[in-house]
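The values are calculated or read from the model by the stated rules, or taken from the named source; none is laboratory data. In this text, all values refer to a predicted model and were calculated from it rather than measured experimentally. We place every Cβ from the backbone using ideal geometry, glycine too, and count neighbours over all the protein chains shown.
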């Protein structure tokens, strides 16, 4: 019983923490049929995430096939310099350096969208704010005491929290841009949505194919049911 309670609390922690901050999760606009968004998201992942995080369940060749891109374009515009089209999306950071700098190896993000959810990722990437009390100088509304630096701060700008009093304690009501970044708020939202879209795709590259195939499977099951029902009626007719 204690183990079940512990697992429940661990699962609910991200949501209870977010609620305690007085913020609501914003909805990510996920569209796995939007190849342009997925391509941009792949570029953002390689540029800003691959230095620390891998997505080793996907290969560049699969990206070329699924996004309807030529292999040389993927190698030139998405994959890091020197990558092979058959390579997995593996980070160049080794475990020794990772533990030295961050205390732990940054996790592989292949299944992050399936474990955390698309809205969690979207809000996490937008939720960094300045907190001088933390070792890296930042905190996060979705993941308090996060051990990751805000690698997108130059694009988003510097955010500071705006607090409100709830039941006698201060909680974050919203985040305010203290210093503007290279992108406008709308441009940054689009970028984060594209990156989230890509991570959702990586979590299950065959999702669209599975859903498309599922329609035929359901139709086949329905036809079998009809034929079975008619056959049953035919057999029972002779017994009466």
Q. Looking at residue 124, is it free of Cβ contacts under 8 Å to residues at least 24 places away in the same chain, touching a strand residue (DSSP E or B) at 6+ places or on another chain (Cβ under 8 Å) and either outside the structural domain of residue 38 (by TED's automatic domain parsing) or within 22 Å of residue 58 (Cβ to Cβ) (or both)?
A. yes
Q: Grab the strands (runs of 3 or more DSSP E) fully contained in the range 127-218, keeping just those with 3 or more residues being more than 17 Å from the chain's Cα centre (by Cα), assigned by TED's automatic domain parsing to the domain that holds residue 56 and at positive phi.
A: none
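So for the range 63-75 (the condition being crowded, with 17+ Cβ neighbours inside 10 Å and either in contact (Cβ under 8 Å) with a residue 40 or more places away in the chain or in contact with a strand residue (DSSP E or B) (Cβ under 7 Å, 6 or more places away or on another chain) (or both)), does at least one residue qualify? Break it down into steps so the answer makes sense when it comes.
Our first condition is that a residue be crowded, with 17+ Cβ neighbours inside 10 Å; within the range 63-75, this holds for 63-64, 66-67, 69, 74-75.
Imposing the further condition that a residue be either in contact (Cβ under 8 Å) with a residue 40 or more places away in the chain or in contact with a strand residue (DSSP E or B) (Cβ under 7 Å, 6 or more places away or on another chain) (or both) reduces the set to 66.
The answer is yes, given that some residue of the range 63-75 is crowded, with 17+ Cβ neighbours inside 10 Å and either in contact (Cβ under 8 Å) with a residue 40 or more places away in the chain or in contact with a strand residue (DSSP E or B) (Cβ under 7 Å, 6 or more places away or on another chain) (or both).
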Q | Matching entry among 46, 74 (being closer than 14 Å to residue 195 by Cα and either in contact with a helix residue (DSSP H, G or I) (Cβ under 8 Å, 6 or more places away or on another chain) or assigned to a helix (DSSP H, G or I) (or both)) | A | 46
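With respect to residue 106, determine if the residue is touching a residue at least 24 places away in the same chain (Cβ under 8 Å), under 20 Å from the mean Cα position of the chain (by Cα), buried (at least 17 other Cβ atoms within 10 Å of the Cβ) and outside any helix (DSSP H, G or I).
Working: touching a residue at least 24 places away in the same chain (Cβ under 8 Å): yes; under 20 Å from the mean Cα position of the chain (by Cα): yes; buried (at least 17 other Cβ atoms within 10 Å of the Cβ): yes; outside any helix (DSSP H, G or I): yes.
Criteria met by residue 106.
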